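Reading through the structure tokens given below for one structure.
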Amino acid sequence: GGARSAVLPWDAEARLRRLNGVVAAGTLADVDVRGALVRSVPINDPLAAGATQLPMKAVSPGVFQAVHAELSAGRFFDAGHSRRADRVVVLGVNAARRVGISRVDQQPAIFIGDRLYAVIGILEGVRRQPTLLGAVIMPEGTARREFGLAAPALAQVETRIGAVDLIARQAPLALSPSNPKLLKVAA
């Protein structure tokens with residue numbers, strides 16, 4: 001399930017992971033890149049994939065486990081990448097196809113507008129949040145620094161069997177103790 005609100009704190013992943021019954025948790029948000037196009041080459045190469053608009057997502061590292069993400073190549077970014085606001089991304093398989101990247105062993109990169117980002121992984125599949133397959137996925141810290149992301153929009157949580165109701169009651173209190181009614185929980 002997930003909790004959606006504009007009031008999610010930046011440490012929502014850590015708060016949710018402390019709840020008894022939570023197996024994995026992470027946060028997601030759309031990133032407004034103000035119309036910047038994505039391309040995999042710095043110059044206009046008629047043989048290369050052109051610039052395209054792709055959805056941008058900012059996630060906390062725990063989201064990959066919470067959505068049961070699988071990689072076809074590379075690795076996921078971690079908390080260190082987010083803390084440092086590193087310019088790294090994981091591409092969903094459909095986004096990778098659109099920019100002509102199929103491997104990460106030769107350290108590919110993409111431009112988002114005029115900013116260069118290292119592609120460290122290609123996401124092959126997910127059990128939840130299928131929109132990630134068509135997106136460029138960056139660490140939350142990077143989205144905060146580079147694009148002014150104000151807050152996570154959604155918390156994705158995986159619970160142990162039988163814990164959904166308990167977590168649905170506890171999550172709003174953990175995420176917004178002063179006003180838990182601001183959060184909407186969907187199981």
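The values are calculated or read from the model by the stated rules, or taken from the named source; none is laboratory data. Keep in mind that this is a model prediction, so the values were computed, not measured. Surface accessibility is based on the protein's heavy atoms, side chains included, excluding ligands, DNA and RNA. Shrake-Rupley method; radii C 1.70, N 1.55, O 1.52, S 1.80 Å.
Report the residue, chosen from 86, 11, 30, that carries the largest GNM mean-square fluctuation when the chain is represented by alpha-carbon nodes joined by springs under 10 Å. Result: 11 has the largest fluctuation of those listed. Please report the base-10 log of the normalised intensity I(q)/I(0) for the range 84-123, using a Debye sum with one equal scatterer per alpha carbon and no solvent, at each q in 0.18 (1/Å). Log10 of I(q)/I(0), two decimals: -0.44.
Taking every protein chain into account, the accessible area of the chain amounts to 50 square angstrom per residue (probe 1.4 Å). Ranked by solvent-accessible area (1.4 Å probe, protein heavy atoms only, all chains present), the residues 120, 161 order from largest to smallest as 161, 120. Here the range 46-187 carries DSSP beta bridges of which approximately 55% are antiparallel, counting only pairs with both residues inside. Based on alpha carbons, the Rg and Dmax found for the range 130-187 are 14.4, 40 Å. Pairwise Cα distances in the chain exceed 21 Å in 49 percent of cases.
The spacing between the range 72-121 and the range 147-187, judged by their C-alpha centroids, is 28 Å. Each residue of the range 166-178 was assigned a 3J(HN,Hα) from its phi angle through the Karplus expression (A = 6.51, B = -1.76, C = 1.60, θ = phi - 60°), giving 4, 5, 4, 7, 7, 4, x, 5, 5, 8, 9, x, 7 Hz with x at Gly and Pro.
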